[in-house]
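Here is the structure we will look at.
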Amino acid sequence: MSLAALDMEAEIRRRLEPLAPSSLHLENESAQHAGHAGAKEGGHFRLTIVSSQFDGLNAVARHRMVYQNLGDLMQKGIHALAISAFTPDEF
């Protein structure tokens with residue numbers, strides 16, 4: 001895995017810290033998408049995140065919280081992000 005990919009993973013984790021996740025699993029799937037046109041625009045990631053801050057929120061609202069915390073990485077750095085967001089009771 002390249003240093004840039006490791007830096008991106010670290011930055012994603014850092015930006016999600018305000019959600020106080022009790023569990024966070026981030027998988028970089030970029031290698032599986034090599035040659036894909038969008039791969040030049042950023043990496044492909046799969047995120048499983050567990051946070052009590054998701055209590056009472058539907059899936060769309062949870063995803064919005066994740067996107068809000070990632071901010072500009074969604075325009076540069078991340079091309080695709082698959083999100084599974086759970087409350088501690090759901091996980």
Discussion item. Regarding the stretch 44-59, can at least one residue be identified that is of a type outside the set (Phe, Trp, Tyr), assigned to a strand (DSSP E or B) and either modelled with pLDDT under 95 or surrounded by fewer than 16 Cβ atoms within 10 Å (Cβ to Cβ) (or both)?
Written reply: yes
Practice prompt. Using the structure shown, decide if Asp72 is out of contact with any Lys or Arg (no Cβ under 8 Å at 6 or more places or on another chain), surrounded by fewer than 12 Cβ atoms within 10 Å (Cβ to Cβ), modelled with pLDDT under 95 and among the acidic types (Asp, Glu).
Written response: yes
Item to complete: Report whether or not Ser2 is loosely packed, with under 13 Cβ neighbours inside 10 Å, modelled with pLDDT of 95 or more and of a type in the set (Ser, Thr, Tyr).
Response: no
Practice prompt. Working only within the stretch 52-81, note down all residues that are more than 15 Å from Arg14 (Cβ to Cβ) and either touching a Pro at 6+ places or on another chain (Cβ under 8 Å) or touching a residue at least 40 places away in the same chain (Cβ under 8 Å) (or both).
Written response: Ser52, Met65, His79, Ala80
Practice prompt. Of all residues in the stretch 48-64, count the ones that are touching a strand residue (DSSP E or B) at 6+ places or on another chain (Cβ under 8 Å) and either over 10 Å from Ile83 (Cβ atoms) or among the charged types (D, E, K, R) (or both).
Written response: 4
Item to complete: Filter the stretch 34-43 down to the residues that are more than 11 Å from the chain's Cα centre (by Cα) and buried (at least 16 other Cβ atoms within 10 Å of the Cβ), then identify the one that is modelled with the highest pLDDT.
Response: Gly42
Item to complete: Report, by residue number, each residue of the stretch 45-91 that is charged (D, E, K, R) and closer than 28 Å to Ala31 by Cβ.
Response: Arg46, Arg62, Asp72, Lys76
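The values are calculated or read from the model by the stated rules, or taken from the named source; none is laboratory data. Everything numeric in this text was worked out from a predicted model, so none of it was measured. Heads up, the Cβs are rebuilt from the backbone with ideal geometry, glycines too, and the neighbour counts pull from every protein chain shown.
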